[in-house]
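The values are calculated or read from the model by the stated rules, or taken from the named source; none is laboratory data. Just so you know, these numbers come straight off a predicted model, no measurement behind them. So basically every Cβ, Gly included, is an ideal-geometry build from the backbone, and we count neighbours across all protein chains shown.
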Protein chains: 2
Amino acid sequence: MSIIVVGTMAFDAIETPFGKIDKIIGGSATYVAYAASNFVKPIYQVSIVGYDFPVEEMAALKKRGVQMDGVEIVPGKKSFFWSGRYHEDMNSRDTLVTDLNVLTDFNPKLPDAYQDAEFLMLGNLAPSTQISVIRQLKKRPKLIVMDTMNFWMESAMGDLEKVLKDVDLLLVNDAEARQLTGQFSLVKAARAILKMGPQYLVIKKGEHGALLFHGDNVFFAPALPLEEVFDPTGAGDSFAGGFIGHIAKTGDISFDNMKRAIIVGSALASFCVEKFGPTRLKEIGKEEIEGRIQLFKDLVNFDIELV
Amino acid sequence: MSIIVVGTMAFDAIETPFGKIDKIIGGSATYVAYAASNFVKPIYQVSIVGYDFPVEEMAALKKRGVQMDGVEIVPGKKSFFWSGRYHEDMNSRDTLVTDLNVLTDFNPKLPDAYQDAEFLMLGNLAPSTQISVIRQLKKRPKLIVMDTMNFWMESAMGDLEKVLKDVDLLLVNDAEARQLTGQFSLVKAARAILKMGPQYLVIKKGEHGALLFHGDNVFFAPALPLEEVFDPTGAGDSFAGGFIGHIAKTGDISFDNMKRAIIVGSALASFCVEKFGPTRLKEIGKEEIEGRIQLFKDLVNFDIELV
């Protein structure tokens with residue numbers, strides 16, 4: 001089973017209480033591809049980069065089964081650049097620089113070879129771009145997952161409402177769920193979002209784990225209690241990549257299998273935060289991932305006999 | 001198996017975004033007793049009240065198997081009174097009034113009949129008072145659990161360090177764990193606290209659940225995602241009461257059984273927050289509690305086959 005991944009491929013500059021890095025590759029589609037390619041091939045990448053995006057980074061992704069036919073390379077422009085500084089609690093950050101560069105021209109065209117994909121992961125992008133990708137698909141995928149952010153709620157709410165009607169699962173963080181609905185209670189926010197279109201909703205709470213909602217069902221996965229979160233950049237996208245990777249590998253979109261996918265996503269996110277950018281994601285393999293999933297089992301597993 | 005519960009019995013005035021109540025019974029020992037008495041009898045209560053503490057509230061506790069021989073009634077003084085206002089997020093509150101009243105005279109003397117208790121729950125009190133109770137016991141209980149708060153870290157750190165060496169399990173919230181150790185990472189804070197004396201540590205994170213640490217083992221229990229937290233007053237003490245109640249009922253202090261106790265504690269806390277003060281705790285019975293524990297099982301239960 002294959003996955004189309006739409007999102008950014010970029011350069012980041014990151015500052016955390018533990019250190020600083022001036023230039024490292026990032027972007028939502030980069031993290032999703034690194035995480036998902038542990039589970040399924042091919043990954044059909046859809047993105048846009050400038051002349052400066054390193055060929056060796058492209059090659060590293062290709063080697064993992066990430067197809068680059070849908071990644072446009074713009075010769076005369078630079079890649080998208082983001083720079084941010086995390087606060088001590090690692091849950092909040094200041095954006096220092098956002099240089100859109102090539103991203104202003106992003107108007108993705110799906111290669112024909114991508115049309116057989118069963119799964120679609122729409123990274124955080126303008127809702128109009130997300131809609132355009134969905135419309136280019138001749139056959140509706142088995143599952144469409146989308147990410148978004150507060151910026152689009154403020155600047156493109158109409159388009160966002162449209163794309164929400166067309167997707168199966170929305171991935172947002174707690175603050176975004178609250179902003180989207182005006183509800184402080186996440187349970188109430190979830191109920192409101194499930195009325196906007198998606199049948200499934202994942203609310204990511206960072207170090208406090210993630211919630212999966214579907215009808216009246218709720219599932220909760222903790223984040224792994226880590227000694228240090230070194231760099232949270234890309235954790236949400238790694239979560240998304242692990243989630244959609246597990247779903248695509250199994251081809252099973254039942255609620256029970258989504259629970260497993262949430263745990264797999266949480267495991268990938270827990271690796272991502274251990275080093276700068278996608279560094280740690282590049283290092284891990286099947287064995288590390290299974291070991292980490294076992295930690296999650298140990299972390300939450302209990303049995304009580306009810307009479 | 002019986003439990004000695006040491007703590008306050010008091011009046012509270014509470015203001016939340018959902019309402020206001022001028023006078024309701026409260027106090028750590030009240031909540032612990034209400035929660036624990038679902039699982040085991042007798043509860044040996046140790047506290048102090050003034051002439052104004054309602055006889056019908058005493059009678060209601062006695063009816064649940066809470067013995068009052070260790071509750072001193074001071075005729076000429078009023079009961080401890082606390083008043084607070086919760087902020088919209090319900091995770092933070094302002095204390096408006098603290099009238100210690102009888103609490104200034106609290107110098108608990110354990111009745112002889114209490115000496116056979118196998119479990120000791122030390123509610124949040126001056127560490128010197130907690131030490132005095134431990135010293136009065138002729139036989140060391142099977143498990144000593146203690147609660148504390150930031151106030152004692154600032155005003156009585158020496159005594160607090162002493163009592164920590166004498167207890168088996170410390171219950172604190174995340175902010176307290178950080179303050180006690182100067183570590184922001186809860187994993188590092190836990191490691192530091194486990195070196196101070198207790199073999200077990202529970203870090204309560206309110207709506208974000210609770211962590212149990214023992215050696216290199218960690219267990220995580222979520223809080224139930226609730227539509228509304230109506231009043232968080234007493235949730236931590238209800239958690240403690242459910243925890244020690246389950247431990248005493250089973251007589252089993254293994255790590256695996258503590259996991260179950262954490263879930264039971266979380267279930268009791270989830271009831272407590274549904275109405276003002278201990279109102280909801282007075283209403284629930286075995287059936288409601290088992291139903292709630294089943295919700296916790298459904299909330300976190302997943303199975304992944306690892307190859």
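Restricting to the stretch A:82-138, count the residues that are over 17 Å from A:ASP159 (Cα atoms) and in a helix (DSSP H, G or I).
Count: 10.
Quick check on my filter: what residues within the stretch A:34-69 are outside any strand (DSSP E or B), without any contact (Cβ under 8 Å) to a residue 24 or more places away in the chain and under 20 Å from A:LEU110 (Cα atoms)?
Correct list: A:MET58, A:LYS62.
Conditions first: (1) of a type outside the set (Lys, Arg); (2) farther than 21 Å from B:GLU176 by Cβ; (3) modelled with pLDDT under 95. B:ASP94 passes all but one, so which condition is the exception?
Condition not satisfied by B:ASP94: (2).
Yes or no: the stretch A:160-178 includes at least one residue that is polar (S, T, N, Q) and under 26 Å from A:GLY251 (Cβ atoms).
no
Can you find even one residue in the stretch A:254-272 that is outside any helix (DSSP H, G or I) and either more than 14 Å from chain B (Cβ to nearest Cβ) or touching a Leu at 6+ places or on another chain (Cβ under 7 Å) (or both)?
Looking for residues that are outside any helix (DSSP H, G or I) and either more than 14 Å from chain B (Cβ to nearest Cβ) or touching a Leu at 6+ places or on another chain (Cβ under 7 Å) (or both), one finds none in the stretch A:254-272, hence no.
Checking the condition surrounded by 15 or more Cβ atoms within 10 Å (Cβ to Cβ), of a type outside the set (A, V, I, L, M, F, W, C) and not in a loop (DSSP other than H, G, I, E, B), which residue from A:GLU72, A:GLU154, A:GLU161 passes?
Matching residue, one of A:GLU72, A:GLU154, A:GLU161: A:GLU72.
Only one of these conditions is not met by B:PRO141: (1) out of contact with any Pro (no Cβ under 7 Å at 6 or more places or on another chain); (2) part of a helix (DSSP H, G or I). Which number is it?
Tallying (1) out of contact with any Pro (no Cβ under 7 Å at 6 or more places or on another chain); (2) part of a helix (DSSP H, G or I), B:PRO141 fails exactly one: (2).
I'd like the residue in the stretch A:194-242 that is aliphatic (A, V, I, L, M) and in a loop (DSSP other than H, G, I, E, B) and, out of all such residues, is farthest from the other protein chains (Cβ to nearest Cβ).
The qualifying residue farthest from the other protein chains (Cβ to nearest Cβ) is A:MET196.
Take the conditions without any contact (Cβ under 8 Å) to a residue 60 or more places away in the chain and hydroxyl-bearing (Ser, Thr, Tyr) and apply them to B:SER238. Does it pass?
It is false that B:SER238 is without any contact (Cβ under 8 Å) to a residue 60 or more places away in the chain and hydroxyl-bearing (Ser, Thr, Tyr).
Name the residue, out of A:LYS204, A:LYS249, that is closer than 29 Å to A:GLU118 by Cα and surrounded by fewer than 24 Cβ atoms within 10 Å (Cβ to Cβ).
A:LYS249 is the lone residue from the list that is closer than 29 Å to A:GLU118 by Cα and surrounded by fewer than 24 Cβ atoms within 10 Å (Cβ to Cβ).
Select from the stretch A:184-237 the residues that are over 24 Å from A:PHE18 (Cα atoms) and among the basic types (Lys, Arg) and list them in ascending order.
Listed by number, the residues that qualify are A:LYS188, A:ARG191, A:LYS195.
Can you tell me how many residues in the stretch B:26-60 are aliphatic (A, V, I, L, M) and crowded, with 24+ Cβ neighbours inside 10 Å?
9
Just checking, which of B:VAL5, B:VAL32, B:VAL46, B:VAL40 is among the β-branched types (Val, Ile, Thr), out of contact with any Ser or Thr (no Cβ under 9 Å at 6 or more places or on another chain) and closer than 28 Å to B:GLY206 by Cα?
Just a single option satisfies the conditions, and that option is B:VAL46.
Out of B:ILE293, B:ILE247, which single residue is within 8 Å of another protein chain (Cβ to nearest Cβ) and touching a helix residue (DSSP H, G or I) at 6+ places or on another chain (Cβ under 8 Å)?
Every option except B:ILE293 fails the conditions.
Can you name the number of the only condition in (1) facing chain A (nearest Cβ under 10 Å); (2) out of contact with any strand residue (DSSP E or B) (no Cβ under 7 Å at 6 or more places or on another chain); (3) crowded, with 21+ Cβ neighbours inside 10 Å that B:ASP303 fails?
Among (1) facing chain A (nearest Cβ under 10 Å); (2) out of contact with any strand residue (DSSP E or B) (no Cβ under 7 Å at 6 or more places or on another chain); (3) crowded, with 21+ Cβ neighbours inside 10 Å, the lone unmet condition for B:ASP303 is (3).
State all residues of the stretch B:273-290 that are in a helix (DSSP H, G or I) and either away from chain A (no Cβ under 13 Å) or surrounded by 13 or more Cβ atoms within 10 Å (Cβ to Cβ) (or both); if no residue qualifies, say none.
Once the filter is applied, which keeps residues that are in a helix (DSSP H, G or I) and either away from chain A (no Cβ under 13 Å) or surrounded by 13 or more Cβ atoms within 10 Å (Cβ to Cβ) (or both), the stretch B:273-290 yields B:THR279, B:ARG280, B:LEU281, B:LYS282, B:GLU283, B:GLU288, B:ILE289, B:GLU290.
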